[in-house]
Structures are given as C-alpha cells and as structure tokens.
Amino acid sequence: MSRYETAKETVGGVTALRLIDKQRRAEAVFYPEFGNNCTEFRTTPDDDDTAAEPVDLFVGPDAPQEFNTGSPIRYGLPILFPFPNRVRGGRFTFEGRSYFMDKLLAKGWDSGAGQAIHGLVADQPWKLDDLSAGDAGAVGRCSLQLDAIPDIFHQYPFPCRLEVAYRLCEGVLNMEIAVHNTGDMNMPMGFGIHPWFPIALRPGARMPAAMAGHTAEQRARAEVRVPTTSVWELDHLMPTGKIKPAEDWEDLRDFQPLEDHFFDTVFTGVQRGADGWSEGGLRDPVSRLEWYQAADAGFREWVLYAPLDKRVVAMEPYTCTTDAVNLEPKGVDAGLVSLPAGHVWHGHIRFGLRRW
C-alpha cells in the first residue's frame, strides 16, 4: 500500500484536490478554481511520533464559497504575482514604457491607500496539469497563462506562464514555483505568498473553527521569528527606499513574544543557512510546537503582518520589496527580477511542524 495518495472531491460545487501522507497523518487541500489557493494543511511534528495528533497550520475559510463573497487574500495560502504587496498607484515604468494596473484599485480588497495590491492571480481559475502520487510524495501541479486572460493582459502585457506545484512529502508541504517568460522581451516580476497561520497550535483542532477559542493572552505569548536584520522604512505602507536596522521589538532574529505589538512590516537583510535558504516561524509555549516556513535563496524580503484584532499572523517571503518596480528606476536595490525572453525563474518554499 502506498504511503502517499491524492483525491479529487467536489466541495460546495467546486473542485478540491487533496494530497495525503498516511504515515505522517498529513493532508493538504487546494482549489485550482480559487487562485490555486491551498486553504488547508495539517501535519504531525517532524519527530514522526505515530501517536501525535495532526495540527492545522493554515487558517482557511469556513467554506469555499467565502472566496466569492470576501477577499481571496484573507484565507489559506494566496499567491502574489506578478508583484507582491503594493505598487504605488498601480503605475510603473519598465525599460522606457509606462504601464497601469487598475484591477485591484477598484476591488477594494484592502484599504491600500489607492495602490494596486496583492498581484493579479489570486482570484483566477488555474488549470490542473497533474495530480499524482509516488515515492517522491503526493503532488498537485497547476498553471496559469497570464496573457490568455484579457483582464490581466491589458494591465500586465508580458506573455508568461506561472506554474505552482504543491508536493506533500514526509509530512512537509513544498511549494515549487516556475515562471516562464513566453514573450519576446524582458519582463519585470516579483513573487510572494500571503499565508495565514494560527497563533495557537492545537493538536487535533481543525481550522478555522478552532480560531474562535484563541485568546489575547495566547497571542501575547506566541513567539515569532523572522530571519532578517533590517526593515524597510515605510510611509503609508510604501517603502521610501531607505533601510534601517531592526531594533527593539522589531528585531526578530531570535524568537520573541508578540505581546501587544502590531506588525505590518517589510523586513530585509535576510539571514541564510549554508544552503542559501532562510527560515522563520511561530512557536506556541503551551503546546511546545513550532510551525516553520523556509524559502530558498530567491527570496530576499519577508513581511510580517500581525493584526491586534485577529488571532492570526501572515508571514510572507517575497523576492522583492513592496513597490520594487518603482524603486529600481530610482537606483534602489529592491529585488525586482527582469526575466529575459525564453527564460524560466524557479522558486521553492516549504512548511512544516516541529517540537521545541
């Protein structure tokens, strides 16, 4: 009997794809029709205790239909492309030509102060390319050809194909990304994610219903780590181009309790391991569990969003900072990728659970 399995289900009239690791009692569920968003991921700690109860690591909607009534950014694992976070006024210039993105300015997904926000793909139906299981894990692979969608192409006229595969292997969820420039000129891009995590790690509890039991005290005690040394100076959530050292409660190189601090912070100066990867996470001092998130060398910024009125945090690795497409022409090293025609950009992020 195979350790890994996949399943295709219909939930509320939409297709849900499930990846299963029976040995680790781990599952991941994603919805191609709703931005290829992975709304559920539960797993057991890396010590592989077969008696351990799974822990939900993502906070998803109560039902898939909520994607149609609210913001697709507020649940699960939203994908941010072709730019993460914000672009000032939705306008940018690249290689002498000016562009305007109007889509998100009109939708009001975020207050955003008149900025284009969170990219163009989080509410799009993706194409399922592969759903399979084998020795390398359970895999679901989806793609989106951006220039085939008129509403996207008039805002971002760069032919490209975005591919994202979710791979569940040994209890760890891997996100494998590829961006293909299928056009005949350079294309500006950045990639990020906006995953929502609980601040209390409860074995056996299911999200999002379990969130109702989280308290302000649990938020205050939860400890977070962001693997960076510096922060971008912000003006109305937009980087000014200046970087300053992370000091006091913004210094999260080692785990620190959230206490009563509000974060909507863009961190940089990433600390990496010998393999070039960086890792952040949150640990619960009651259950002594820690979820971790690691990103490969292509990710050079991390955003931490920790609202005071919700028992969640969003910890977001980015390839570039907010508004990088406008900072780069000013001589600021903001991480914007200029992908040549015919080339492919690759990225890799993974999520897991351990004891501490």
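Descriptive notes on the structure:
- Structure-derived Rg and Dmax of the Cα atoms in Å - corresponding label in (1) 19.4, 60; (2) 21.0, 64; (3) 23.5, 82: (1)
- Dipole magnitude of the range 4-355 about its Cα centre (Cβ charges: Lys, Arg +1; Asp, Glu -1), debye to nearest 20: 320
- Of 8/310; 242/330; 8/127, pairs whose Cα-Cα distance is over 21 Å: 8/310
- Ranked list, fewest to most other Cβ atoms within 10 Å of each Cβ, for 260, 21, 248, 333: 248, 260, 333, 21
- Theoretical ellipticity at 222 nm over the chain - DSSP helices of four or more residues, -39500 (n - 2.57) apiece, nearest 500: -1000 deg cm²/dmol
- Between the beta carbons of residue 129 and residue 264, assuming R0 = 45 Å, the FRET efficiency works out to 0.80 to the nearest 0.05.
The numbers here are math on the coordinates, done by the rules we state, and not lab data. Quick caveat, the model's predicted, so the values are computed rather than measured. Positions of Cβ are generated from backbone atoms using ideal geometry, with glycine treated the same way; all protein chains shown enter the neighbour counts.
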